[in-house]
Every structure is written in structure tokens, then in C-alpha cells.
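The values are calculated or read from the model by the stated rules, or taken from the named source; none is laboratory data. Treat the numbers as computed from the prediction; the structure is a model and nothing was measured. All Cβ positions, glycine included, derive from the backbone under ideal geometry; neighbour counts span all protein chains shown. In case anyone asks, the SASA skips ligands and DNA or RNA and just uses the protein heavy atoms, side chains included. Shrake-Rupley method; radii C 1.70, N 1.55, O 1.52, S 1.80 Å.
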Amino acid sequence: MGLATLAAAVAPPLTASHADAAPIANVTVNALEGQGTIPATGYGLNSEVWDSQMNVPAVQDLLGQANVGMLRYPGGSYGDIYHWQDNTAPGGYVAPGTDFDSFMGTVKKIGAQPILIANYGTGTPEEAAGWVRYANVTKGYGAKYWEIGNENYGNGYYGADWEADNHASKSPTTYAQNVVQYSSQMKAVDPTIKIGAVLTLPGNWPDGAVATGDSWDWNRTVLSIAGSSVDFVIVHWYPSGTGAEAALSAPAQLPGELSQLRQEINQYAGANASRLGVALTETNSSQFMDTQPNALFAADTYFTALEQGVFTVDWWDTHNGPGAISTAPDGATDYQDMGILSSGTCVGSTCEPPINTPFPTYWAISMLSKLGHPGDQLVRAGTDQALVSAHAVRQANGNLAVQLVNKDPKNAYSVNLHYNGYTPSSATPTVYTYGDEATSITSAAQGTSTSQTIAPYSIETIVLTPSGRPVTLSAPGQPTVSGITAGDATVSWTPSTGGQAMRYEVYEQHGTTSQLLVESTGTSATVHNLVPGHDYTLNVLATDQYGNLSRPSDPVTFTTSTPTDSTCAVTYQVTTSWGSGYVASLTVTDTGPSPINGWTLSFTFPADTESLANGWNANWSASGQDVIATSLDWDANLAANGGNSASIGFVGNNTAAYPSPAAIRLNGTVCTTTYSS
């Protein structure tokens with residue numbers, strides 16, 4: 001994020017037959033599909049050295065009450081001008097009482113962890129190593145997570161210039177080479193720390209941009225050079241679009257973007273790829289920032305990102321200050337303040353609430369821990385209503401919590417709750433509610449385990465107790481997959497504890513339903529008859545002597561290969577991209593014994609955020625995500641045994657992720673497919 005500054009009467013109940021009856025949303029929780037555990041660092045927030053309120057007791061108390069688990073320092077772009085030794089940021093303003101030790105006092109008081117930005121723009125590896133020594137050797141703070149710079153692709157190299165960078169070369173190659181040096185010197189002081197490198201999310205600027213003289217874009221360059229020297233990657237997400245509706249629909253983009261980022265990590269980071277974590281260290285919708293729409297966006301965004309394996313989501317930010325004044329769809333005044341707490345300042349004659357008054361985004365963050373605490377298990381939840389999102393958590397005590405977010409500013413929804421793999425008791429559930437522009441979170445025993453009503457523009461968390469015999473078996477350990485072919489894969493896991501596991505069951509995730517693929521009495525199983533070139537996400541569950549299933553393991557995702565002995569071959573290459581579109585080139589070859597006279601190539605876009613614009617050297621058409629290219633007269637003949645090839649391509653549109661198709665067919669046959677870039 002760029003630099004910021006601070007100045008000091010009851011209606012009658014509706015019935016099903018009433019013309020104005022509340023619309024219905026069906027929500028299904030599938031407790032068989034585990035999506036990982038909530039990290040201790042999951043609920044994060046940015047702190048800034050220009051914020052004079054950073055470490056005052058009132059702010060510490062508010063952050064502690066919200067259960068903030070990670071604080072990022074010294075604050076966005078200030079990270080590339082800040083010098084920790086003397087608490088200065090030449091060219092910027094540093095408020096009194098915001099030095100590193102004072103910040104760590106807040107971190108310790110609220111029981112959080114720090115994530116620290118080592119100065120890349122105007123600093124040195126030696127300065128960063130000195131900070132590690134002071135923090136972890138001299139002071140014993142145990143600061144584990146360290147970022148190398150902030151948004152360093154914004155240093156002017158691709159045109160836009162907001163990030164300080166004093167290096168003679170501002171290329172991704174230079175950044176990556178210096179990250180290696182930073183990591184080496186910092187880990188020489190404390191080998192236990194984790195180092196993060198700056199990347200950009202697919203579909204977000206400058207993703208795909210290749211500067212003059214470069215071979216690759218920012219992400220591929222940085223991962224290829226520094227992937228073996230870092231422990232996690234850093235991305236920021238400020239979704240585009242104007243208005244509350246655009247902001248509230250944006251979290252649905254995150255799974256695809258984060259999945260594509262993981263694919264890039266796996267493809268370019270080498271042998272180190274599987275252990276690289278992902279940190280979302282800045283996010284905000286930038287729409288109606290301190291009103292209810294942004295609170296709903298925050299509630300949805302945190303859990304959407306955590307479900308994709310991100311280990312921290314750090315909201316921008318604690319205090320920020322007002323901008324232009326507008327009115328949100330619910331009639332509330334928006335001060336265009338990205339902070340979760342009021343700065344107490346004015347724009348003209350319009351003034352914010354008193355300083356440190358919580359905005360709705362503060363209450364949204366406070367609601368996160370009503371759903372789950374660190375160590376609790378994220379499980380799948382889905383909804384059939386676009387304006388009602390759902391997330392679910394299996395809590396450590398056996399309870400199941402379900403978060404509902406109503407993004408409709410006008411209508412309440414009658415929610416029907418359904419369960420797969422969990423049987424709630426008949427007890428009246430406890431429901432936590434943050435209503436439209438409310439000044440607190442309320443709780444009450446209300447509704448049933450199968451029926452709730454959620455008010456317009458509100459967040460609800462329903463906490464359910466289990467029915468039946470407690471299951472003492474733990475979840476099996478994190479699965480691994482080996483021996484992946486076009487149709488088979490072997491899944492292995494560590495055994496459950498806490499009882500006797502009679503057998504293990506391997507399930508494929510299908511959203512709110514799951515498919516049992518194979519059973520085993522041991523700790524591995526081979527799955528057969530898989531679809532070539534297909535993405536699979538699996539969980540393993542144990543069964544006890546009473547037939548009860550344990551909680552699911554953490555998920556494992558893999559892609560089956562395309563056949564090595566196919567009678568056709570395709571190479572697929574994304575040659576350029578620009579955030580909202582890309583160009584892909586394909587080479588089609590007949591590798592079989594018989595020539596082909598007239599061909600049809602078909603594939604499916606993996607993400608609904610990509611579509612076909614136009615193409616060349618073939619007749620291109622699309623129906624939804626399904627794409628077909630048919631031969632022209634002059635390239636219809638493909639000689640047997642690879643005698644010649646057809647070169648075709650297309651321009652794609654994308655509003656977010658744009659992953660490559662996993663399986664490409666020629667005249668109905670899945671081809672051996674090679675991806676290059």
C-alpha cells in the first residue's frame with residue numbers, strides 16, 4: 001500500500017405465504033472435507049509507524065479483544081524507507097512512540113506474532129541482519145516472519161512508481177538476487193526465521209508483464225532465482241471494481257487466483273516449492289471502506305483466503321485517516337478511511353467519530369474468532385444463494401460453527417442448513433450477530449440447527465453442539481501423493497491416534513458432496529481410474545470400531561498427467577498477459593500411425609473468470625468455459641507420426657485467475673500435453 005498520513009417499532013413476522021416473504025438460502029456444510037486448520041497467525045492486521053495511536057492502551061485493548069494474531073510492521077511502503085535502529089523513515093513521517101520495542105510491547109500484550117518488513121528499497125542486507133540480531137538475540141523476541149521489501153514491483157520498472165528503490169537496477173532479477181543475499185545474512189544470525197519474497201497475484205498488475213530485456217515476468221523470475229532461499233511468498237490483494245456489489249462479489253475470485261499462484265510456485269520454485277507458504281499481508285476492498293459493505297467483504301475474505309492455505313491475512317490497516325466523503329448503500333456515511341479504528345479527523349465540516357471508535361471492519365475481524373480459534377479445523381460450506389456466503393469450522397471441543405454473511409442491503413434470508421458428516425444435537429444453537437452498522441456483537445440462543453434467519457447486511461455465526469457418541473480418533477496426518485500417472489495415484493498418510501482405526505477412507509472433494517474413492521486398512525492406498533489431466537483434492541478419514549468417521553485430514557491437491565502414449569500431442573504456452581487478458585499459443589501434432597484430415601480441438605477453461613475473445617488459424621467458438629477449435633482448409637491435414645503440426649492460438653479474457661486447461665483433446669482423444677512459458 002502507498003504512503004498514508006494521519007491528522008490528529010417491531011414489524012409483524014413474515015410467513016411463507018406472505019407476498020414479501022424472506023427469500024430462501026440453502027447452506028450445506030460438508031464436514032468430510034477438511035480445508036486445513038486455522039493458523040495462530042491467521043487473523044492479521046497492519047500497524048504503521050506514522051500512527052501515533054499504534055501502541056496506546058486503548059488500541060492494545062481493542063486489538064486484544066478482537067483476537068488479532070499477527071501484526072505487520074512498520075507499515076506498507078514505509079517498509080522500504082524505514083530504518084529500525086533510529087526509528088526514522090526519510091521522506092516520511094514517524095510518530096513518537098512507534099519504535100520497534102514499543103511495537104513489540106503491543107505484540108506481546110495482545111498475544112500476537114509480528115511480521116516485519118526488512119528495508120529493501122533504501123536498506124541493506126547488513127541492516128536487516130542487524131535487526132534480526134537485535135530482535136531475536138539481544139531482546140529474545142522470537143520474531144519469526146520477515147518480508148524482504150513491500151510492493152517492490154511498484155518501483156517504476158513496469159511504469160508505475162510508488163515504492164522506494166535505490167538500487168541501480170530495479171528489475172525482478174536484481175530483486176531476486178538481493179533476496180538471496182538478505183536471506184543468507186539474516187539466517188546466519190538466526191537460522192529459525194522465515195523469509196518471504198514479494199510476488200503478485202495472478203490477474204493483478206503487473207502479473208504477466210515482461211519488461212524490455214527480460215525473459216520472464218516478475219513471479220517467474222523471483223521464484224526461479226530466490227525460491228530455494230525463502231520460506232514463503234507475499235501477495236497483496238485490492239480487488240478492482242466500483243461499488244458495494246463489485247466488492248462483495250470479489251472474494252469468489254480468491255480461490256482461483258491463489259490456486260494459480262500455487263501452480264506458479266510449484267512450476268518455478270524448484271525442489272523447495274512444496275514447503276513455501278503464502279502470506280496475504282495486505283487486503284482491503286477500497287469500496288465504502290469504513291461501513292458495513294467492507295465489514296462483509298472482510299468477513300468473507302479472511303476465511304476464503306485461509307481455506308486456500310494462506311497462513312496470514314493482514315488487513316490494511318489499524319488507522320489510516322479519511323478521504324472523500326460518500327454514502328454507502330445502507331445510508332451510512334463513508335469517510336473513505338481504510339482503518340478499522342477511527343482517526344477522529346475531519347474532511348471539511350464532516351468529522352469521523354471520536355478517535356479509536358471501531359468501524360464496522362473492526363467488528364468483522366472480531367467476529368472471526370466466534371467461528372474458530374487457532375488449531376480449529378476449516379471445513380467445507382456452500383450456498384445456493386449468491387448474496388449469502390458461508391464458511392464453517394469444526395472447533396476443538398467438537399462443536400461446529402457456521403458463519404453466514406448476508407450481502408443483500410434490503411432483504412433478510414431464511415436459511416435452511418444441511419449437514420454432511422456431522423449430526424448436530426437438538427439443542428438451540430448460540431448465534432453471534434454483527435448487524436448493519438452495529439456498535440457491538442450480540443449473542444442469543446435462537447433458531448434451530450436447520451433453520452435460521454439472517455438480517456440484511458449482517459454477519460451471523462451459529463454454534464452447534466454434536467449429537468451421538470464422541471469420536472476419539474484424531475484426523476489422519478497430512479496425505480502425500482506419489483506415483484501420479486494419467487489414471488492412477490498412490491496416497492499415503494500417517495495414522496490416526498486416540499483409538500483404534502479399523503480402516504481409512506479416501507474421499508475426493510466435490511464441494512458440498514464427497515466421493516469415496518478407496519478404502520484401506522493400512523496407511524496408503526492406490527486410486528485407479530482417474531481422469532487424465534484432471535485436478536483432484538483428497539481428504540483421508542479414519543473409521544473407529546463403531547463405524548464413526550474421524551475428522552478429515554488436511555487436504556492434498558494434485559493433477560493427473562496426460563497420457564504419455566496418446567496418438568496426439570499439444571504444446572500450450574501463455575506468451576503474454578496483462579491483467580485482464582492473455583495470449584495463448586498451441587501446437588497440435590498427430591503422433592499416431594494414421595493421418596488426420598480435419599480435426600477438432602477441445603478443452604475447458606478451469607476457471608469461470610476466463611473466457612475466449614478470439615483466435616487464429618482455426619475456427620474458434622466457446623460455450624461457457626468449453627472451448628472448441630476446428631481446422632481450416634489449409635491446416636486440416638496432420639501427417640501421421642508427427643510429420644507436421646498445426647500452429648494455432650487465441651486471446652483470452654480474464655477478470656481474475658486464468659489457469660491453463662489440464663486436458664486438451666484432439667478429435668475426442670486426450671493428448672499428451674506439454675506446458676511451456
Please list LEU404, LEU612, LEU516 from largest to smallest accessible area, probe radius 1.4 Å, with all protein chains kept in place. LEU516, LEU612, LEU404
Region 529-540 - phi-based ³J(HN,Hα) in whole Hz, Karplus 6.51/-1.76/1.60, Gly and Pro as x: 6, 7, 7, x, x, 10, 7, 10, 10, 10, 10, 10
Between the alpha carbon centres of region 169-203 and region 520-558 the gap in Å comes to 36
Quick tally, 1.4 Å probe accessible area for ILE628, ILE193, sorted with the most first, runs ILE628, ILE193
Based on the Kirkwood radius over alpha-carbon pairs, what is the Stokes-Einstein translational diffusion coefficient of the chain at 20 °C with 1.002 mPa s viscosity, in µm²/s? 80
Can you tell me the dipole magnitude for the chain around its Cα centre, using point charges on the Cβ only (Lys, Arg +1; Asp, Glu -1), in Debye to the nearest 20? 1440
Accessible heavy-atom area order of VAL132, VAL518, highest first, probe of 1.4 Å: VAL518, VAL132
Send over the semi-axes of region 300-403's equivalent ellipsoid, whole angstrom and largest first, taken as the square roots of 5 times the C-alpha gyration tensor eigenvalues. 32, 16, 11
How compact is region 22-87 by the rule of thumb for globular proteins, expressed as Cα Rg over 2.2 N^0.38 Å? 1.72
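Quick one: accessible area per residue over the chain, 1.4 Å probe, rounded to a whole number of Å²?
Numbers: 25520 Å² over 677 residues.
For the chain, the per-residue accessible area is 38 Å².
Once the convex hull of the C-alpha atoms of region 615-661 is built, how many Å³ does it hold per residue, rounded to a whole number? Write out the running numbers ahead of the final one.
Working: hull volume 4.4 nm³, N = 47.
For region 615-661, the hull spanned by Cα atoms encloses 94 Å³ per residue.
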Ordered by residue, what ³J(HN,Hα) values in Hz, to whole numbers, does region 22-37 give under the Karplus form 6.51 cos²θ - 1.76 cosθ + 1.60, where θ = phi - 60° and Gly and Pro are x? 4, x, 9, 10, 9, 10, 10, 9, 10, 6, 7, 9, x, 10, x, 9
Taking 25 °C and 0.890 mPa s as the conditions, I'd like the Stokes-Einstein D for region 595-677 in µm²/s, using the Kirkwood hydrodynamic radius from alpha carbon pairs. 181
Whole-Å distance, taken between Cα centres, linking region 31-46 and region 72-121: 26
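Ignoring any ligand, DNA or RNA, what whole percent of the accessible area of the chain comes from carbon and sulfur when the probe is 1.4 angstrom? Intermediate results must be reported in sequence, preceding the final value.
On the way: 12810 of 25520 Å².
That fraction is 50 percent.
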Can you tell me the order of 291-303, 585-597 when each peptide is scored by its average per-residue count of other Cβ atoms within 10 angstrom, highest first? 291-303, 585-597
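What is the diffusion coefficient of region 503-592 in µm²/s, taking the Kirkwood radius over Cα pairs and the Stokes-Einstein relation at 4 °C with a viscosity of 1.567 mPa s? The partial results should precede the final answer.
Numbers: Rh = 16.4 Å.
Translational D for this selection: 79 µm²/s.
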What does the charge count near LEU63 come to, summing +1 for each Lys or Arg and -1 for each Asp or Glu among other residues with Cβ under 14 Å from its Cβ? -2
Can you give me the C-alpha center-to-center distance between region 418-461 and region 130-150, rounded to a whole angstrom? 42
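Using the eigenvalues of the Cα gyration tensor, what equivalent ellipsoid semi-axes result for region 155-241 when each is taken as the square root of five times the eigenvalue, whole Å, largest first?
The answer is 23, 15, 12 Å, longest axis first.
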Largest-first principal axis extents, alpha carbons of region 34-166, Å: 41, 41, 28
Which value in Å does the Kirkwood hydrodynamic radius of region 401-454 take, with 1/r averaged over all unlike C-alpha pairs and then inverted? 12.5
Mind checking the log10 I(q)/I(0) for region 456-513 at q = 0.16, 0.28 Å⁻¹? Debye, one equal scatterer per Cα, no solvent, two decimals. -0.80, -1.21
Note on region 90-225: C-alpha Rg/Rh, Kirkwood Rh, two decimals, gives 1.00
Using helices alone, what [θ] at 222 nm do you get for the chain, with -39,500 (n - 2.57) per DSSP H run of 4 or more residues, divided over all residues and rounded to the nearest 500? -4500 deg cm²/dmol
Using θ = phi - 60° and the Karplus relation 6.51 cos²θ - 1.76 cosθ + 1.60, list the HN-Hα couplings for region 390-406 in order, rounded to whole Hz, with x at every Gly or Pro. 9, 9, 9, 9, 8, 7, 4, 7, x, 5, 10, 10, 10, 9, 10, 10, 9
Can you find, among ILE454, THR345, THR333, the residue farthest towards the positive end of the dipole of the chain? Put +1 on the C-beta of Lys and Arg, -1 on that of Asp and Glu. ILE454
If the convex hull of the alpha-carbon atoms of region 204-300 is projected onto planes in all directions, what is the mean projected area in square nanometres? 7.0
